[in-house]
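Worksheet for the structure shown next.
The values are calculated or read from the model by the stated rules, or taken from the named source; none is laboratory data. What you are looking at is a predicted structure, and each value in this text was computed from that prediction instead of being measured. Every residue, glycine as well, gets a Cβ built from its backbone with ideal geometry; the counts of neighbours run over all protein chains shown. Surface accessibility is based on the protein's heavy atoms, side chains included, excluding ligands, DNA and RNA. Shrake-Rupley method; radii C 1.70, N 1.55, O 1.52, S 1.80 Å.
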Amino acid sequence: MTTFTEQLRSSRVVAVVRAKRIPDAVALAESLANGGISILELTYTTPDVETHLRAISSGAPGTLVGAGTVLDAAQARGAVEAGARFLVTPSVIEEVAEVAREAGVPMLLGAMTPTEVLRARALGAEHVKIFPAGVVGSRFVKDLQGPFPGLSTVPSGGIDEKNARDFIDAGATAVCCGSSVVSAADVEGGAWEKITANATDFVERTTGAVPASGSGAGGEGR
């Protein structure tokens, strides 16, 4: 049984989706999995996100789906009930961390300073989301290893195919990709083949791996 940490370290990429509409959540998940991205974060800025979480958790076994932009305990509980296998916050939010701990669901708490990193770890975050990573750059991720040796970071925000590998080389466990791979327009328009092509290119540039078609790998998120 693959743990969340093992899958994160193996996959190295998390796709983050923000869209006004997702016409077919399962098709979205499969298009990303076909491009080598098997970890998907659906944000609470997307309407009906819990409906989409349910669809993917039951209909796309090759995808590990989680909820992002989780801002309070109510959203955290709703996401877990809808099948989210991990929770992501944009900042250190204690009530979300509490729900995650109680539910036994992995969490990535957002942080931008060493103080926030320390707080996130104290609340039980095994992996810390560095956000917005594009502002601080990959050197920041490397420098954090000094006071926090072994720190597992997942940079998000402002990452594309041009700088993603820099963050991995700086010591990030994985990186998040957003509009460069899954733009709102492509998601809303159901451009699944384009999303697969974007994902394939991103994975190759970031990890050096060449995804096989239909290569999504499932696993337990706990």
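One table, with the values for the structure above:
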{"item": "GLU188 vs. criteria modelled with pLDDT under 95 and either charged (D, E, K, R) or crowded, with 19+ Cβ neighbours inside 10 Å (or both)", "result": "no"}
{"item": "Where GLU102 falls short, out of the listed (1) open to solvent by 60 Å² or more (accessible area, probe 1.4 Å); (2) assigned to a loop (DSSP other than H, G, I, E, B)", "result": "(2)"}
{"item": "Extreme residue, surrounded by the fewest Cβ atoms within 10 Å (Cβ to Cβ), among residues of segment 63-73 that are of a type outside the set (A, V, I, L, M) and assigned to a strand (DSSP E or B)", "result": "GLY68"}
{"item": "Whichever residue in segment 1-26 is of a type in the set (Val, Ile, Thr) and in a loop (DSSP other than H, G, I, E, B) and, among such residues, is least open to solvent (accessible area, probe 1.4 Å)", "result": "ILE22"}
{"item": "Of all residues in segment 92-109 being touching a strand residue (DSSP E or B) at 6+ places or on another chain (Cβ under 7 Å) and touching a residue at least 40 places away in the same chain (Cβ under 8 Å), the one that is nearest to TYR44 (Cα to Cα)", "result": "LEU108"}
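Per-residue answers, yes or no, for (1) assigned to a loop (DSSP other than H, G, I, E, B); (2) touching a helix residue (DSSP H, G or I) at 6+ places or on another chain (Cβ under 9 Å); (3) without any contact (Cβ under 8 Å) to a residue 12 or more places away in the chain; (4) of a type in the set (D, E, K, R):
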| residue | (1), (2), (3), (4) |
| --- | --- |
| LEU28 | no, yes, no, no |
| LEU40 | no, yes, no, no |
| GLN75 | no, yes, no, no |
| ALA84 | yes, yes, no, no |
| PRO90 | yes, no, no, no |
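One line per residue, one yes/no per condition, for (1) at pLDDT 95 or above; (2) open to solvent by 30 Å² or more (accessible area, probe 1.4 Å); (3) among the aromatic types (Phe, Trp, Tyr); (4) over 15 Å from the mean Cα position of the chain (by Cα):
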site	(1), (2), (3), (4)
VAL80	yes, yes, no, yes
ALA84	yes, no, no, no
SER91	yes, yes, no, no
ALA97	yes, no, no, yes
MET107	yes, no, no, no
ALA111	yes, no, no, no
LEU118	yes, yes, no, yes
ALA125	yes, no, no, no
